[in-house]
Number of protein chains: 4
Amino acid sequence: MNSFGRIFRVSVFGESHGPCVGVTIDGCPAGMPLTAEDLLPDLARRKPGAKGTTPRKEADLPVFSSGLFNDHTTGSPLTILFENNNTRSADYEKQRAIPRPGHADFVAAHKYGGFEDYRGGGHFSARVTTGIVAAGAIAKKLLRGPADEAVTVEAVLTEVGGEADPEKGLQKAIDAKDSVGGILECRVKGLPIGLGEPFFDSAESLLAHAVFAIPAVRGIEFGTGFAAARMFGSEHNDAIEDASGKTRTNHAGGIVGGITNGNELVFRIAVKPTSSTPKLQHTWNRETDRIEDFSVKGRHDLCVALRAPVILEAVTAIVLADLLLIEQQRPRIWDDA
Amino acid sequence: MNSFGRIFRVSVFGESHGPCVGVTIDGCPAGMPLTAEDLLPDLARRKPGAKGTTPRKEADLPVFSSGLFNDHTTGSPLTILFENNNTRSADYEKQRAIPRPGHADFVAAHKYGGFEDYRGGGHFSARVTTGIVAAGAIAKKLLRGPADEAVTVEAVLTEVGGEADPEKGLQKAIDAKDSVGGILECRVKGLPIGLGEPFFDSAESLLAHAVFAIPAVRGIEFGTGFAAARMFGSEHNDAIEDASGKTRTNHAGGIVGGITNGNELVFRIAVKPTSSTPKLQHTWNRETDRIEDFSVKGRHDLCVALRAPVILEAVTAIVLADLLLIEQQRPRIWDDA
Amino acid sequence: MNSFGRIFRVSVFGESHGPCVGVTIDGCPAGMPLTAEDLLPDLARRKPGAKGTTPRKEADLPVFSSGLFNDHTTGSPLTILFENNNTRSADYEKQRAIPRPGHADFVAAHKYGGFEDYRGGGHFSARVTTGIVAAGAIAKKLLRGPADEAVTVEAVLTEVGGEADPEKGLQKAIDAKDSVGGILECRVKGLPIGLGEPFFDSAESLLAHAVFAIPAVRGIEFGTGFAAARMFGSEHNDAIEDASGKTRTNHAGGIVGGITNGNELVFRIAVKPTSSTPKLQHTWNRETDRIEDFSVKGRHDLCVALRAPVILEAVTAIVLADLLLIEQQRPRIWDDA
Amino acid sequence: MNSFGRIFRVSVFGESHGPCVGVTIDGCPAGMPLTAEDLLPDLARRKPGAKGTTPRKEADLPVFSSGLFNDHTTGSPLTILFENNNTRSADYEKQRAIPRPGHADFVAAHKYGGFEDYRGGGHFSARVTTGIVAAGAIAKKLLRGPADEAVTVEAVLTEVGGEADPEKGLQKAIDAKDSVGGILECRVKGLPIGLGEPFFDSAESLLAHAVFAIPAVRGIEFGTGFAAARMFGSEHNDAIEDASGKTRTNHAGGIVGGITNGNELVFRIAVKPTSSTPKLQHTWNRETDRIEDFSVKGRHDLCVALRAPVILEAVTAIVLADLLLIEQQRPRIWDDA
């Protein structure tokens, strides 16, 4: 449901126009130095402001409500809140009868009997990812370790609106008065060999699980991905070069048999164009039971992919931090075979 | 780890060359008629035999060890075993020093300290999917319901070795004396609106999680998938047409906001070429600590994608059966808003 | 860890002297009318004030941070916060070197490397049960159902300081300038037949699990309990009287084979005397590494059992609400045998 | 449901008169030497044969179906089967109309719609504990560690039929032609400080959870238990004596704040008298809808407590092995405070 992870366990709550959004992290080891400063850079990357992003402005200052003492984690659950201040709910009341195409309005009303908080997408809003980004910043710090060097996670936009240059892709959207999607690539360096738990908790399984929790994601591929389906086995196989497990090529994207193999982790995701396009659309009206013209109210991104890299890094770090804690727990108390 | 699902919970065990592989299903409702006959058609689809598949032959007769009484499920855990008879382990002893490229040999030896059962891939073998297919057949029966009509799950190969015609793609592999991959599409008709649990247990999240447990899968995309990243929002959005939620187009592939929307569920997966290619390869030898020539021993498929459709259907049905039971549990005891 | 339940899932967070304590409830069905008024009576029962309870005063006003809209549950996670205002942390700084007997000071410092928030017991404080009581009030409302009549949960003190009359037992403590314990009995009327999931999630297993999360509980017994071990089978067995499952006696306390049998659920728990007794004690001093005289600082209850009935009701209702949702989910789609 | 544990995860399956009972252990570390010999002593203790136990005889030879290779654990799921050979199902067919008092017959028929395997109690039978005892023997071996010395778990009968001498208590049952119950005490030496995870996964919570999965258990108490409710705080508190955490007394039974404190773990459980007493009883007949005389068919123990010590040890070891793996996982990567 709204929790993820086995040892490093992240739970989210909150709605777009409710009092706040937030996150609880259970199972974070005690003793990690942590202040708001650790979260602010990633939170800033998620915030709108740049061209093509929503005009809604929130301070996104993390309020630590539990689990922090003397600027260190305590081992108890960390709860972090973010107040919602800049809400304009009236925009949404007006269009309640019209389930917006591409949005969760229709399914949510069906699933929750009309009791869901529909303002600004409610719990389905990308605003909920604020807590994810906070948890991701903590997971990254855990992965980097005390020497701040172990594991690094970095996601970048490789395509916006079909263009390799994000600026150019965004301009297409502005020119067309429409929204666009994009493609992101995530790379993780420094991972140890051995993360991932067959059969069901393969590294790809858990990463994909977490990635598809991000709103608007439509696909994921590891290493060579879909292109691998068109290669010969002899081309695709990565020859191991030495005892460290380093391979000559990295078509596998750093995971073999569901387990990290010590090479760079590489995967890509596809983000659909923002459902809230400025273009006029047609959709069914619940009150009139007719197809009607419809134009989106509210404040929105022209391309949600623009703000997605830090969210992608966050879910990636959350998954890997959990797998790392699970793997470290596995005692090697008998000698190796 | 080796279990998946919240209410309809599937656990697998067994190794390629151990006494058996098997599956336990906990949480299957009582009273469903069930005999071996219900499983045989799907098990036959998973078995090799056709051109391009491994010459290893197993009877794959399901042995019900618990949870079945008078040919009906009892509500207690169902355990089903499949004996391994046709094993030729000596093939594997010889090449122990050489971690096969693309296989889990290297990571498994690292993770399990050399104690893993390496014969035929051990627990990493696709043979473990026999239990998955059995569980999938039961999940499908549950989804179809007593009237045998409710929900249908069907996966097909849409591409082998880069060719739309599987025969032609396989011939490429035979001609090149190499292995090839493929692409599969899965479609599910008859799903109710409302399956999927935000934030983390979106329908895509759980499907992707289960799909990446299948060996050799490198990518998944829902609906328009990666192509969505190159569309405008006004093109991609599916206009709702009436109160049933039916949409004019189905770019979303039947899931919006992580929740099924009553339209057909459509997604595709990419399967890499079989790692065990007949071609000569080079890889590191653990004993000599040198890069050496290497050619695969054992019996293998030229294209694992050929046998994957029924496995893909199985994990899909397992996920949907669980989501269906979870959704049905949600009481609507107060009137709708 | 800090979460409990499979469908109706309760998570707690917060420390005695941190900014707040709180609770998140995931999986609460949508559409239940809910306001602070629903929680206040139970919260008032948990608050100190009566003779023998701590002089610390907190308003305990629930702040709904998510999951509530138009005074109804939305189906999204409900987060409820309670501010900590009346903290006197200096009391605790002084005695940091002395792990208080009966308290978690020593084990917490060991487990969390000294990073734990030790002020007032931190996350081990009974103050964390405020969130439990709030979740319990919601679970009770769910169990009662829309007609406010279905299931009722009631816990009472049957013994304080060894006396059947709580007043008399408390007076013993006051006279002795010492703390005392007590025994509580919990009764649940109106439960349907069938709650509880063998093998491991028997109704007793889950109730005992939740009950031992309450600080200071040392024992639990169902029905005749420990006395059953001294009865003959013919005495102990409860004869079924009719098709409703009503039994002549109720030695089983309403659970047979781990499953509720439609009779009243009855169990008792033992609460140890408050560890913070006013009496002078001896314990090891971490700094001097010597056994020293020690007297408790801070504000405490003479008998924590006095405030425990509403907490016991809360965990009981939380367990039963979850089991009820799980049982309702079990489809009976094929005819009965 | 039928699984328990977070890292060392035990799942049971099987019925009293089905083909077999069994257990799967997921998460057992790789490299532990293991053969049937390791399980036989505990399995022998569970088997009947002594005076007062059922005449049903089963060989109880463990069949390792997965997870074992070269007499060592592999890190993959361990599945162990026990065939049922000595079944006399006809005894049960005859009395189908009469739900036996004290047994699960009535609730199971209600919960599973009559589809449950009712022969010999089906999945509710104590025969299912065979797999538990096997898993317990493995958990004990893990707790003892490579040097075979770390942690020891021992349970004994302290009372049978109200008598401290088990022989004398059993004779009471034989003389009265009735069944009796008993009390067991379990002691664990050598536990490290720090096992147990507040808030909900306290050591007592998990132990009680697992203990109440054992059929016929009616109560559990830790340390001084129910008697603690009648002590003063100054009497009950255990004074810490030195840096090892050793306490002068051990009223807490080795757990404080839900966490093991390095002292001996001590707890007791109450087992009800066997429901299948030889005495004539009265109960409702489903077919006639009348109260009728009834006498038990089948083969039964006069006192199930006699065979319970090894089962109690097993669930205790299973819980502690899991908590130990979880605690070892907790990295202490930053210096202590």
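Estimated from the Cβ-Cβ distance and a Förster radius of 56 angstrom, the FRET efficiency linking A:Lys51 and D:Val156 is about 0.15. As a ratio to 2.2 N^0.38 Å, the alpha-carbon radius of gyration for segment C:228-337 is 1.77. Electrostatic tally near A:Thr224: other residues with Cβ closer than 12 Å to its Cβ, Lys and Arg +1, Asp and Glu -1, net +1. Calculated on the Cα set of segment B:1-134, radius of gyration then Dmax: 16.4, 51 Å.
Leaving out ligands and nucleic acids, and using a 1.4 Å probe, what accessible area per residue does segment C:208-304 come to in Å²?
I get 33 Å² per residue for segment C:208-304.
B:Cys28 sits with roughly 10 Å² accessible to a 1.4 Å probe, with DNA, RNA and ligands left out of the calculation. Taking each of B:Lys47/B:Lys168; A:Lys141/D:Lys189; A:Lys47/A:Lys141; C:Lys47/C:Lys279 in turn, the alpha-carbon distance tops 32 angstrom for A:Lys141/D:Lys189.
Each Lys or Arg adds one and each Asp or Glu takes one away; over the other residues whose Cβ falls under 14 Å from the Cβ of A:Lys168, this sums to -2. Span-like helix check, chain A: qualifying full DSSP H segments, with Cα axial length of 27 Å or more and mean Kyte-Doolittle of -0.5 or more, are A:308-329. Add +1 for every Lys or Arg and -1 for every Asp or Glu among the other residues with Cβ under 11 Å from the Cβ of A:Asp242, and state the total. Local charge sum for A:Asp242: +2.
Restriction of the trypsin sites (Lys or Arg not before Pro) in segment C:55-129 to DSSP coil positions whose beta-carbon has at most 14 other beta-carbons within 10 angstrom yields C:Lys57, C:Arg88, C:Arg96.
Using only the C-alpha atoms, the convex hull of the protein assembly as shown corresponds to 158 Å³ per residue. Between C:Arg299 and B:Ala97, the FRET efficiency from the beta-carbon distance, with R0 = 45 Å, is close to 0.05.
Largest to smallest in accessible area, the residues A:Phe124, D:Phe69 fall in the order A:Phe124, D:Phe69 (1.4 Å probe, all protein chains included).
Within the accessible area of the protein assembly as shown, what % is carbon and sulfur when the probe is 1.4 Å and the other protein chains stay in place? Carbon with sulfur: 51 percent of the solvent-accessible area.
Only the Cβ atoms of Lys and Arg (+1) and of Asp and Glu (-1) were treated as charged; on that basis the dipole of segment B:1-90 about its Cα centre amounts to roughly 420 debye.
How high is the FRET efficiency from B:Lys168 to A:Lys279, r the C-beta distance, R0 45 Å, rounded to 0.05?
That pair, B:Lys168 with A:Lys279, gives E of 0.60.
Residues whose amide H lies under 5 Å from that of A:Asp117, counting only those 5 or more places away or on a different chain, are A:His123; hydrogens are built 1.01 Å from N in the peptide plane. The distance from the alpha carbon centre of segment B:128-147 to that of segment D:97-147 is 26 Å, rounded to a whole number.
Here chain A yields Rg over Rh of 1.00, to two decimals, using C-alpha coordinates and the Kirkwood radius. For segment B:265-275, the Karplus equation 6.51 cos²θ - 1.76 cosθ + 1.60, evaluated at θ = phi - 60°, returns couplings of 7, 9, 8, 10, 10, 9, 10, 6, x, 3, 5 Hz by residue, with Gly and Pro reported as x. If the chain linking D:Ala147 and D:Lys189 were pulled fully straight, counting 0.36 nm for each residue of separation and taking away their Cα-Cα distance, it would gain 13.6 nm. For segment B:179-189, the Karplus equation 6.51 cos²θ - 1.76 cosθ + 1.60, evaluated at θ = phi - 60°, returns couplings of 9, 9, x, x, 10, 10, 10, 10, 10, 10, 9 Hz by residue, with Gly and Pro reported as x.
The values are calculated or read from the model by the stated rules, or taken from the named source; none is laboratory data. Quantities reported herein were computed from a predicted structural model and do not represent experimental measurements. Please note: Cβ atoms are built from the backbone with ideal geometry, for glycine as well, and neighbour counts cover all protein chains shown. Remember, those area values only see protein heavy atoms, side chains included, never the ligands or the DNA or RNA. Shrake-Rupley method; radii C 1.70, N 1.55, O 1.52, S 1.80 Å.
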